[in-house]
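S.K.: Sharing a structure, written as structure tokens. Questions coming.
We did not get these values from a lab; they are worked out from the coordinates using the rules stated. Note that the structure is a prediction, hence the values are computed from the model and not measured. Heads up, the Cβs are rebuilt from the backbone with ideal geometry, glycines too, and the neighbour counts pull from every protein chain shown.
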Amino acid sequence: MGQASIFQAPHRSPRAASLLLSASLLASSLVACGNSARDDRAGGTGPLPIGAAIALTGNASVIGQDQRIGLELARDHFQGNGPALELTIEDGGSDEGTATNAFRSLISADVVALIGPSLSQQAFAVDPIADRAGIPVIGPSNTATGIPEIGPFVSRVSAPVAQVAPLSIAAALRLNPKIRSAAVFYAQDDAYSTSESKIFQQALIDRNLKPVAVIRTSVSDTDFQSQITETLRRNPDLIVISGLPSDGGNLVRQLRELGFKGTLVAGNGMNSPNIYSICQRFCDGLLIAQAYSPESTTPINRAFVAAYTKARGGAVPPQFSAQAFAAYQVIAETLSSLQVSLPAGATLAALPRAELRRRLNTALLKGRYQTPLGEIRFTPEGEVIQKQFYVAQVRMNPDGRSGRFQLLPTVPTP
Amino acid sequence: MIDSTLLVQMLLGALLGLSVYLPLACGQLSLATPGFYAIGGTLAALLSTRVRALGGGESASGSGYPITSLLLEMLLAAVLCGVLANGIGAVVLRLRGIYLTIATIALVEILRVVSLNLTITGGAVGIFAIPQPFDQPAGYALFTLGLLLLVCWLCQRLAVTRPGLAMAAIRDDEIAAASSGIAIERWKRLAFVLSALVAGVCGVVAAHFLNAWNPRMGNFDASITTLAFVVFGGSRTWIGPVVGGLALTALPELLRPVGDLRLIVFGLVILLGPSLFPQGLITPELLANVARRLPLPLQQSLRLEKVRAQGEGKP
Amino acid sequence: MDTLLQILINGISTGAVYGLVALGYTLVFSVLGVINFAHGAVFTLGAYLTYLLLGGAVGANGLLAGLHLPFALPFWAALPIAGLLTALVSLGVEASAFRPLRRQQAEPLLYLITSLGAGVILVNLLQILLGAEGYSLPTTALGSLPTTLSLAGAQLRTVQLVLLLVAAVVLAVLSVWLEGSRSGKALQAVSEDPTTARLLGIDSDAMIRLGFAVSGFLAGIAGGLVSLSLSISGPYFGISYGLKALGVLVLGGLGSVPGAVLAGLIVGCAEALVPAEWSGYRDAIAYAFLFGVLLLRPQGLLGRPQISKV
């Protein structure tokens, strides 16, 4: 017969093959069902389960890891204020398939509400699943256009790019009124970047700054040499970047190294101290519009910042952690107020789960919350209305390794 | 409550495994499967969201999409993929071995980048809110199961009829086959086209199942994973890829409790698998063993004596 | 369009990276006839090791949060040491993913899968231990050299020039070693015909291990150089390089060292020629180019035409 080779002709054994096929299909069904059948916790006592599906692996894992911390801090903060809650965090990965499985896994654990997923890209795929199951899902970091519109049970605490992005352009023009031309870079294989860049480009056009170059990159790109040299030849005064911390950070560094002296504006995806280690001293001066500032002095934010710096050895909380915290807060506070509204002796846990979810969804959309992000509430559609936005400028320390997002004078929403 | 989502994913994995297996059965390692999968999915996404006549806009939640429309999409995807595969095959199948593999990888990448850049496919955001023919995953599971059984039956028929025998001969020794008058070109192309058909149809079902579609659905990662199905499951009979597809799709999900180590365990499995089972899990010898171990009356009723004999090397 | 000189400079600097990564593939392919899919992971590992050896600290998200070596080497020392470490890891990959299959005389396809498994394990170990955030080598790693150089109006970042020079040196040393030294010639003999080589008294197994070690070394320093020029965007950043380099490998001709470098430069230049508006299609054009060459000249630019003996 000779050596083992896959290129040898198979024997034909139809019956045995069919037998094996049926056996393996049967085994598969058992596996699939066994994997997902869990205790049915509808009704009775016990803590109310809250599920979170965030990106703990894959390209977006930096975001997910920030969110995990925010969620855990929120869980600890709201413990004891209201009905007992139990947080389960599943890995939603950075692709739609993993997120789908995470959501399904949490749904079969009969969660009362869902937080996630991390990426807008994933949200378009998985939010409909939660919506169809009648489970309220709050997006902590989905900023692309159209997400709350996915369904009545879908909402988000992360302000959409349409609101936040133009603020940084306005700030750039305020700081440097002599800007005459602009160029735009965005990661075309990412839903958030593409979405945000459209907003940026429109904001530029609205100010008579039609971009001299619109460059499409990829989130996995790291080398922008040729795109940069060609863009710089057209002499833009302002360059606007939509990307994630790694590709965006690289782009910023290379732009500066290749001699760009003008103003740089970055989008929401780069709203993270993770850019410091990538562009280092070249990050200095970068303008970013933010939905969160650790320097805000509201009581809840001070408590959040204190808890975060304690847990992370002095580091300052990033936006993604604050938004995750806020998402949990919305759910916890709404459940608290629902509990209060019940007749004496009744518990939320005793309600039929579907009924509880419905009430939760209706109530949370009507509430007003003092979160680390400032005061937020929702439109009937589930879109967040945030009172306060911030534009920050990155200021790097002399060592080039650490820095801060220094707040520019605040801009309230019109 | 039975959650059949994983089951559907496993069945789709098995189908994709078969798609990779078909050219391999003819001696060619083609990794074009994800490309045709993407074409099928994109076609389904576009048709169901844009062509009102197919009944996609009937309800706000997108449910109740007629099954006839689904079948129509599958037919169109099959035709499109078949025509494309025929054309591409004429050009690409002249290459042999690793060169063919790399050429197919290049094609898949080109397709992915082009569809990322086009507005009609929705770019990076992709197309979402794809109408649902089935309300529950259980519906998809049954449908996909039917599809899988159909394709398995086709593979079995192929194996025992002329095209399949020709392909097996080409797989064994291409030059010897050519010199005995077998039309190499033709059968290679057929295998390639069949592979594309299966992948395309699979893509249609997946697009509806996943509810959203974007250009990242068919990429190099998918090539490697589907290849692993075949290599792990067994590449000498069609049942190998099915078992491989079912098992390796389930594995990362089953390993969820292991948490962060999940992917490492998956890596270990595909690292050690080929050394322990060089021909994959399901080999013809295994099938013969299975046949042999059944009680004799059962063997006789299933007419398995021939299988035993083959496995034992007797004429 | 950019000036021709700028395009050339852009192309060569991108291409040098591809060529360097492709060289590692070439070495393994030439001795074993298979493609080592763990190469991209070893490349990534080299980048991380260089970062750590430069005294960098592990970020807050991995198990080893905050870890940093008690010393910081200068770049010129860190790079080769990282390379030696990755050479060792590459030997480990050979022992776990390739040797068991070789004993069974398994065929090329299976090595793809096992090496992929090894790669997945490596990358995920990196993620667990070091976290998923990006790291960048300190921009002061090269001391007080200016950040950009200007050559007749064209711009080049100094780090890229360093990369080019090191790649050129490495290539020269490699070629000299392969052609001039006993072990280099023995390696070539094994790649031509392992059985005959063994009959001539060459220990094929040792040669294969040597091939892997050198390949690992190349991957490691390529990773270190790229992380100097660009940055480490995360444990997955080696994957796209690995894929491109695979195409470069085939374009140059499987098993041909000068072919890998030449093909790398060509693909780099082809990408640089894409106008900025179409930069979204850059990857597609690179692959289309590869595809075209494969159809016209399947053995690649400098490869040996495959003759199948009947």
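S.K.: Tell me which residues come under 5 Å, amide H to amide H, from A:T217 once H is placed; ignore anything under 5 positions away on its chain.
M.R.: Answer set, sorted by chain and number: A:Y186, A:A187, A:Q188.
S.K.: Can I ask one more? For B:S4, which sequence-distant residues (separation of 5 or more, or a different chain) have an amide H within less than 5 Å of its own amide H, given hydrogens modelled in the peptide plane?
M.R.: Under 5 Å from the amide H of B:S4 lie the amide H atoms of B:A138, each far enough along the sequence or on another chain.
S.K.: Taking the Cβ of each residue in B:M74, B:M167 as the centre, tally the other Cβ atoms inside 10 Å and list the residues starting with the fewest. Kindly include the intermediate steps, with their values, before the conclusion.
M.R.: Working: B:M74 21, B:M167 28.
The fewest-first ordering by Cβ neighbours comes to B:M74, B:M167.
S.K.: Still on this structure, I have one more. In whole Hz, what ³J(HN,Hα) sequence does the range B:95-100 give by Karplus (6.51, -1.76, 1.60; θ = phi - 60°), x for Gly and Pro?
M.R.: Taking θ as phi minus 60°, the curve returns 7, 10, x, 5, 5, 5 Hz for the range B:95-100.
S.K.: For the range A:64-156, what does the equivalent ellipsoid look like in terms of its semi-axes, each the square root of 5 times an eigenvalue of the Cα gyration tensor, given largest first in whole Å?
M.R.: Numbers: eigenvalues 86, 43, 35 Å².
One finds semi-axes of 21, 15, 13 Å for the range A:64-156.
S.K.: Would you list which aspartates and glutamates come within 12 Å of A:K261, measuring only between C-alpha atoms, while excluding same-chain residues fewer than 8 positions from it?
M.R.: By straight Cα distance, A:K261 reaches A:D237, A:D284.
S.K.: Still on this structure, I have one more. Give the Kirkwood hydrodynamic radius (Å, one decimal) of the range C:222-310, defined as one over the mean of 1/r across all pairs of different Cα atoms.
M.R.: Numbers: mean 1/r = 0.0703 Å⁻¹.
Result for the range C:222-310, one decimal place: 14.2 Å.
S.K.: Further question on the same structure: Can you run phi through the Karplus equation (6.51, -1.76, 1.60; θ = phi - 60°) for the range A:73-81 and list ³J(HN,Hα) in whole Hz, with x for Gly and Pro?
M.R.: Those phi angles translate into 5, 5, 4, 5, 5, 8, 5, x, 9 Hz.
S.K.: Points 7 angstrom from Cα along the Cβ direction at A:T88 and C:Q105: gap in nanometres?
M.R.: Once both label points are built, they end up 5.2 nm from each other.
S.K.: Show me the three semi-axes of the equivalent ellipsoid for the range C:4-296, from the C-alpha gyration tensor (sqrt of 5 times each eigenvalue), largest first, rounded to whole Å. Can you show the working numbers first?
M.R.: On the way: eigenvalues 171, 120, 69 Å².
In descending order the semi-axes read 29, 25, 19 Å.
S.K.: Using DSSP, restrict attention to beta bridges with both residues in the protein assembly as shown and report what percent are antiparallel, rounded to the nearest 5. Don't skip to the end; give the middle numbers.
M.R.: Details: 26 of 58 bridges.
If I count the DSSP bridges inside the protein assembly as shown, around 45 percent turn out antiparallel.
S.K.: Please sort B:116-129, C:106-119, A:389-402 by packing, taking for each peptide the average over its residues of neighbouring beta carbons within 10 angstrom, highest first. Walk me through the numbers on the way to the answer.
M.R.: Values: B:116-129: 19.7, C:106-119: 23.5, A:389-402: 17.6.
Per-residue mean Cβ counts within 10 Å order the peptides as C:106-119, B:116-129, A:389-402.
S.K.: Let me have the relative contact order for chain A, percent, based on Cα pairs under 8 Å that are six or more residues apart.
M.R.: Numbers: 833 pairs, mean separation 70.1, N = 414.
For chain A, the relative contact order is 17 percent.
S.K.: Still on this structure, I have one more. Residue by residue through A:392-405, how many Cβ atoms from other chains fall within 10 Å of the Cβ on average? Please report the intermediate quantities before stating the final value.
M.R.: Values: counts 0, 0, 0, 0, 0, 0, 0, 2, 4, 4, 0, 0, 0, 0.
Mean shielding count: 1.
S.K.: Ok, one more. Quick check on packing: order B:226-233, A:363-370 by the mean number of other C-beta atoms within 10 Å, highest mean leading. Display every interim value, and only then the final one.
M.R.: On the way: B:226-233: 27.8, A:363-370: 16.2.
Peptide ranking by packing, descending: B:226-233, A:363-370.
S.K.: What does the highest-first list of C:44-51, C:271-278 look like by mean Cβ count within 10 Å?
M.R.: Values: C:44-51: 28.1, C:271-278: 18.4.
Ranking the peptides C:44-51, C:271-278 by packing returns C:44-51, C:271-278.
S.K.: Additional query: Work out the FRET efficiency for C:T147 and A:Q202 from their Cβ-Cβ distance, taking R0 = 35 Å, and round it to the nearest 0.05. Intermediate values should be presented prior to the final figure.
M.R.: On the way: r = 34 Å, r/R0 = 0.98.
With R0 = 35 Å, the Cβ-Cβ based efficiency is 0.55.
S.K.: Which of A:S218, C:S240, B:S180 has the fewest other C-beta atoms within 10 Å, and how do the rest follow up to the most? Kindly include the intermediate steps, with their values, before the conclusion.
M.R.: Details: A:S218 21, C:S240 17, B:S180 10.
The most exposed by this proxy come first: B:S180, C:S240, A:S218.
S.K.: Right, here's the next one. In a Gaussian network model over chain B where Cα atoms closer than 10 Å are linked, find which of B:E109, B:E253, B:E73 has the largest mean-square fluctuation.
M.R.: Most flexible of the set in this elastic network: B:E253.
S.K.: HN-Hα J couplings of the range A:189-206 from phi, Karplus 6.51/-1.76/1.60, θ = phi - 60°, integer Hz, Gly and Pro as x?
M.R.: Each residue of the range A:189-206 in turn: 9, 10, 5, 5, 4, 4, 4, 5, 5, 4, 5, 4, 4, 5, 4, 5, 4, 4 Hz.
S.K.: Taking 25 °C and 0.890 mPa s as the conditions, I'd like the Stokes-Einstein D for chain B in µm²/s, using the Kirkwood hydrodynamic radius from alpha carbon pairs. Kindly include the intermediate steps, with their values, before the conclusion.
M.R.: Working: Rh = 20.5 Å.
Translational diffusion coefficient: 120 µm²/s.
S.K.: Can I ask one more? Using amide H atoms built 1.01 Å from N in the peptide plane, name the residues 5+ places from A:V391, or on other chains, whose amide H lies under 5 Å from its own.
M.R.: Answer set, sorted by chain and number: A:Q290, A:L408, A:V411.
S.K.: Quick one: what do you get for the range A:216-331 if you divide its Cα Rg by 2.2 N^0.38 Å? Kindly include the intermediate steps, with their values, before the conclusion.
M.R.: Numbers: Rg = 16.5 Å, N = 116, 2.2 N^0.38 = 13.4 Å.
Compactness ratio reported: 1.23.
S.K.: Beyond 18 Å, how much of the Cα-Cα pair distribution for the range A:176-256 remains, as a whole percent?
M.R.: Details: 1189 of 3240 pairs.
Looking at the range A:176-256, the distances longer than 18 Å represent 37 percent of pairs.
S.K.: With only alpha-carbon pairs counted, each pair once and no self-pairs, how large is the Kirkwood hydrodynamic radius of the range C:42-201 in angstroms?
M.R.: Values: mean 1/r = 0.0527 Å⁻¹.
One decimal place: 19.0 Å for the Kirkwood radius.
S.K.: Based only on the alpha carbon positions, what is the Kirkwood hydrodynamic radius of the protein assembly as shown, in angstrom? Let's see the in-between values first.
M.R.: On the way: mean 1/r = 0.0335 Å⁻¹.
With all distinct Cα pairs of the protein assembly as shown included, I get 29.8 Å.
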